[in-house]
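The structure appears below as structure tokens.
The values are calculated or read from the model by the stated rules, or taken from the named source; none is laboratory data. Note that the structure is a prediction, hence the values are computed from the model and not measured. Note that each Cβ is placed from the backbone with ideal geometry, even for glycine, and that neighbours are counted across all protein chains shown.
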Amino acid sequence: MKDVTATSSALFKSLPVFKAPTSLVRNYGMVIVLLGVIITFSLASPFFATFQNAVNILNQVAVIGIVAVGMTFVILTSGIDLSVGSMLAVCSLVSAEFSVQTDPSLFIKILAFAAPVVLGAIMGGVNGTLVATGYIAPFVVTLATLGAFRGFAVWYHANPIYGLPSWYRALGVESVFGTIPYSVLMYLTVVVLASLTLNRTKFGRRVYAVGGNEHASRASGINVARVKFAVYVISGVCVGLAVILQNGRVGGGQSYAGDGMELRAIAAVIIGGVSLFGGRGSISNAVTGTLVLGVLFNGLVLLNVPSPIQVIIIGAILVAAVMFDGIFGRRG
Amino acid sequence: MASASAFSDSLNQLPVADDVLTRPANGPFVEARDIRMQFPGVLALAGVSLSLQRGDVLGLVGENGAGKSTLASILAGLQRGYEGDVLIDGRRVDLTSPNRAREAGIALVEQELSLVPELSVAENIFLGRLPRGRIPGFFSRNLLEAQAQSTLDVMDIKLPLRHPVRCLSPAQAQLVEIAKGLVQQPQLLILDEPTSSLTGAERDKLLTLVRKLRSSGTSVIYISHKLDEVLEIADSITVLRDGLKVAAGPRKEWSEERLIRAMVGRDLSQYYHRRSHNPGKVVLEVRELGVPGLFTSVNFALRQGEIVGLSGLIGAGRTEVAEAIFGLRRATTGKIIVHGREINITSPRVALRQGIALVPEDRRRDGIVPELTTTRNISLGALSKYCIGPFVVQDEERKAVVSIASKVDLDAQMLPQPIRTLSGGSKQKSVIAKMLLLSPSVLILDEPTRGIDVGAKSDVYRIIHDLTQTGMACLLISSEMPELLGVCDRILVMHLGRLVAEFDRETASEESLMAAVAGSGNVLNNEADWQRPGGTLR
């Protein structure tokens, strides 16, 4: 027994010790992981590292990416929005309903695009109002509206709406000069605007303050309830924008659209490194997390990995990401 | 029930009576040598030694922040990274975890309550060592309650065993805490401010219990602000100041005056930047302010350029009054008048707009956002001043923060750092700076020097004086008598939710203030109708 432990400890001592430059790993850990995944898939599949596939990935992640941006605002205030998937279904149906009117006037056409955004804002406002009262935890509020909004969607239109017209689907399927999809442009726009808001405006500063310490924020004269209300509205608006792309891509609206989306969005945000306890993280974190998930999904499909295995692998990555952060103290 | 009575016997015989004789009688039982403890930015203990015989009661006194509680928590294994040696019966012990301390026979009853509000009294007393039941994995409720009852019998007190602890009054909760320490059957029991919320009869019972423990060979370290208690119970007394042992000796060498002098002991007028002020017109007036269960009919006025102290025991309602004025708590009765106009203060936002600012007591909870940089913490309240539309003009923000930081003696190099990395003193200066950026006319400071080192304390006093020169009115809430006496123009005293006394600079003394704080001064209000707030644990 003694010999074994002696030799094994000698063995460990003889191994070269890998010392990661801690600050680099702490700040860019997930970016490094993302690059690692990309390199792995590039070696494993000849179809992966092509321009067209890169555009494909961005196109695929646009919907969940935009929802994750909204989710980031909510999580930064140490809240959570479980109702995004159900909001998506409601917005999807109403928007589709407008678009399939025969001989739509310009007004109806505009409404088809505006309605999901406005509806998202209203439903987000319901969440925000309930959370801002301070009597119910965000988890409970949005768990309740997750059910309620889904119920509303099914009651409103149990059957799918098919055959959406091409003018409506353009944003979801077409590209600028045939190369860059509109959806990618829209995702980038949302990311840039959200980053500006968080980094440069006083509202952004207050989002971090409320998430970092609600009591201190209140004692500094910040209207905490208003900030909380606003982030849920932002989450709803992001869902509305995502619906425009989603409906265009799918070509229809359905009452079970967005099922389980909340978990994917939260996973993207957390994998990227936003603290689930609020106050720490950025939009670039959310984008990184979204891309990690998107690239994994895309690469695993290209490698013909069966979808149940894909889900297991993504689950393992989520655990690894959070543990990695825990070890390097970012969430400490 | 048999084992329950065996348990009560073991308590009555008292902890280690059986093996006292087998151990060497000469030499101290517990000895601490040159204990040092460095917290970020503060040297909490700068080399303290003490020793204790079996059955000794050591009184440990000192101002807030002198290091008493730190020393207690080191002995209880709650602080890692201390330097120095602790010897028990001449053998060195490593007190790196609460379990080690427990094995060494040391139990600490902490100042802050650490009870689980939803569990019952009996469960709390035996938390972590519930008696096992017949079925594995279950505990025996009968045995638990019998043992808990016998513990309370030893203490000679009655408590409802099955009630959840949240239903108890603060005094009852404190007794549960003491019972918790007792069931560990310690050889050294450390009591940190055990009587802070106990009244006459309960206090006497506690002192009786300490005497019982002493006669059975248990050593006790008794930490208290109440000097009369220490003088009554202790065999020897050690005085700490700023992390150093400044005096020690047997009980008979001490008197209350000598203790106070040893506790305070420095050239006071320079340290406090003592200066006289010329109060101007009234800025803030409070009339008949009240919140049921916390305080009633509080009346006072603050004038431009004066510093008014607010004194009282913890729980007397001082912080609650400040919170009501600042809008963190809604006052149900009375008026708050700012610059001659009655204002309905519903939130801190309203208060700040009216020029009332608060530097909160609990810096970590209400003062700072730990992850943000110091700059962003300081600018948090006044951010709108540095904005064009919704956008923050970061240059202007930085300039304003740098200039206010120099006024409060905050090193500009700390500004880009996350505020959590700063020392307590620098954090406090940042919180003050944050409030100053809002250019208030009334500044309320709640325990502004708690937990910060001597240099930073003196800086805070200087800042307060400078502010009053510019016409600001300051309300200084403090538990430290010398601080109030050294800094304030007038001192108000609260007792059990009422304003009971007012002293001006000439008439105030440590003794008169102590008496008023304890509720025996020249009472301004009739306190017969005041009921002690029972109920919830905070």
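Being within 28 Å of B:ALA301 (Cα to Cα), assigned by TED's automatic domain parsing to the domain that holds B:TYR272 and touching a Ser or Thr at 6+ places or on another chain (Cβ under 9 Å) is a description that applies to B:ASP446.
Is one or more of the residues making up the range B:368-375 part of a strand (DSSP E or B), farther than 15 Å from B:MET435 by Cβ and acidic (Asp, Glu)? Within the range B:368-375 (the criterion being part of a strand (DSSP E or B), farther than 15 Å from B:MET435 by Cβ and acidic (Asp, Glu)), the answer is no, since none of the residues qualifies.
Only one of the numbered conditions (1) within 30 Å of B:LEU259 (Cβ to Cβ); (2) within 14 Å of chain A (Cβ to nearest Cβ) is not met by B:ASP489, and that is (2).
Scanning the range B:192-210 for residues that are of a type outside the set (Asp, Glu) and part of a helix (DSSP H, G or I) gives B:GLY200, B:ALA201, B:ARG203, B:LYS205, B:LEU206, B:LEU207, B:THR208, B:LEU209, B:VAL210.
What about B:VAL321, is it within 27 Å of A:ASN213 (Cα to Cα) and facing chain A (nearest Cβ under 10 Å)? It would help to see each step written out before you state the result.
Numbers: within 27 Å of A:ASN213 (Cα to Cα): yes; facing chain A (nearest Cβ under 10 Å): no.
No; evaluated as a whole, the condition is false for this residue.
I'd like the full set of residues that are among the β-branched types (Val, Ile, Thr), crowded, with 22+ Cβ neighbours inside 10 Å and either in a helix (DSSP H, G or I) or within 13 Å of another protein chain (Cβ to nearest Cβ) (or both), limited to the range B:430-454. Give the steps one after another, and end with the answer.
Kept after step one, since they are among the β-branched types (Val, Ile, Thr), are these residues of the range B:430-454: B:431-432, B:442, B:444, B:449, B:452, B:454.
With crowded, with 22+ Cβ neighbours inside 10 Å added as a condition, the list becomes B:431-432, B:442, B:444, B:449, B:452.
Result: B:VAL431, B:ILE432, B:ILE444.
Does the range A:155-184 hold any residues that are part of a helix (DSSP H, G or I) and surrounded by 15 or more Cβ atoms within 10 Å (Cβ to Cβ), and which are they? Full working, then the answer.
Taking the range A:155-184 first, the residues part of a helix (DSSP H, G or I) are A:155-156, A:166-173, A:182-184.
Answer for the range A:155-184, where residues must be part of a helix (DSSP H, G or I) and surrounded by 15 or more Cβ atoms within 10 Å (Cβ to Cβ): A:TYR168, A:ARG169, A:LEU171, A:GLY172, A:VAL173, A:TYR182, A:SER183, A:VAL184.
When A:LEU82, A:LEU88 are screened for being under 30 Å from A:ALA225 (Cα atoms), assigned to a loop (DSSP other than H, G, I, E, B) and among the hydrophobic types (A, V, I, L, M, F, W, C), only A:LEU82 passes.
Of everything in the range B:392-420 that is exposed (fewer than 15 other Cβ atoms within 10 Å of the Cβ) and facing chain A (nearest Cβ under 10 Å), the residue that is nearest to the chain's Cα centre (by Cα) is B:GLN394.
Condition (residue is under 11 Å from A:THR77 (Cβ atoms) and facing another protein chain (nearest Cβ under 8 Å)) applied to the range A:217-227: is it met by at least one residue? Checked against the condition, which is being under 11 Å from A:THR77 (Cβ atoms) and facing another protein chain (nearest Cβ under 8 Å), the range A:217-227 yields at least one hit.
Would you say A:GLY204 is surrounded by 15 or more Cβ atoms within 10 Å (Cβ to Cβ), free of Cβ contacts under 8 Å to residues at least 12 places away in the same chain and within 18 Å of A:MET71 (Cβ to Cβ)?
Details: surrounded by 15 or more Cβ atoms within 10 Å (Cβ to Cβ): yes; free of Cβ contacts under 8 Å to residues at least 12 places away in the same chain: yes; within 18 Å of A:MET71 (Cβ to Cβ): yes.
The answer is yes for A:GLY204.
Filtering B:LYS427, B:LYS457 for residues that are within 22 Å of the chain's Cα centre (by Cα), within 14 Å of chain A (Cβ to nearest Cβ) and either closer than 27 Å to B:LYS68 by Cβ or without any contact (Cβ under 8 Å) to a residue 12 or more places away in the chain (or both) leaves a single hit, B:LYS427.
Restricting A:GLY272, A:GLY278 to residues that are more than 22 Å from A:MET123 (Cα to Cα), within 14 Å of chain B (Cβ to nearest Cβ) and either buried (at least 24 other Cβ atoms within 10 Å of the Cβ) or modelled with pLDDT under 95 (or both) narrows the list to A:GLY278. Within the range B:358-391, if we keep just the residues that are more than 8 Å from every other protein chain (Cβ to nearest Cβ) and of a type in the set (A, V, I, L, M), the residue that is nearest to B:LEU445 (Cα to Cα) turns out to be B:VAL359.
Looking across the range B:301-328, the residues that are outside any helix (DSSP H, G or I), closer than 15 Å to B:VAL286 by Cα and without any contact (Cβ under 8 Å) to a residue 60 or more places away in the chain come down to B:ALA301, B:GLY327. Taking the range B:114-162 as the range and being under 21 Å from B:ARG102 (Cα atoms) and surrounded by fewer than 16 Cβ atoms within 10 Å (Cβ to Cβ) as the test, the residues that pass are B:SER114, B:VAL116, B:LEU127, B:GLY128, B:ARG129, B:ARG132. Scanning the range B:199-211 for residues that are farther than 13 Å from B:TYR222 by Cβ and in contact with a helix residue (DSSP H, G or I) (Cβ under 8 Å, 6 or more places away or on another chain) yields B:THR199, B:GLU202, B:LYS205. Just a yes or no: is a residue in the range B:333-353 more than 12 Å from every other protein chain (Cβ to nearest Cβ), surrounded by fewer than 20 Cβ atoms within 10 Å (Cβ to Cβ), hydrophobic (A, V, I, L, M, F, W, C) and within 25 Å of the chain's Cα centre (by Cα)? Within the range B:333-353, none of the residues are more than 12 Å from every other protein chain (Cβ to nearest Cβ), surrounded by fewer than 20 Cβ atoms within 10 Å (Cβ to Cβ), hydrophobic (A, V, I, L, M, F, W, C) and within 25 Å of the chain's Cα centre (by Cα). Taking every residue in the range B:43-60 that is over 11 Å from B:LEU188 (Cα atoms) and pairing it with any residue that is assigned to a loop (DSSP other than H, G, I, E, B) and of a type in the set (A, V, I, L, M, F, W, C), at least 6 positions away or on another chain, the pairs with Cβ-Cβ distances below 9 Å are B:SER51/B:PHE29; B:GLY59/B:ALA234; B:GLY59/B:TRP254; B:LEU60/B:ALA234. Among the residues of the range B:225-247, those that are in contact with a Leu (Cβ under 8 Å, 6 or more places away or on another chain) and within 19 Å of B:LEU175 (Cα to Cα) comprise B:GLU229, B:VAL230, B:ILE233. Among the conditions (1) modelled with pLDDT of 90 or more; (2) in a helix (DSSP H, G or I), the only one that B:LEU189 does not satisfy is (2).
Looking across the range B:234-243, the residues that are within 22 Å of the chain's Cα centre (by Cα) and either among the aromatic types (Phe, Trp, Tyr) or surrounded by fewer than 22 Cβ atoms within 10 Å (Cβ to Cβ) (or both) come down to B:ARG241, B:ASP242. Contact annotation: residue pairs with Cβ atoms under 7 Å, 6 or more positions apart or on different chains, pairing a residue in the range A:123-140 that is more than 23 Å from A:CYS91 (Cα to Cα) with a partner that is aromatic (Phe, Trp, Tyr), are A:ALA132/A:PHE229.
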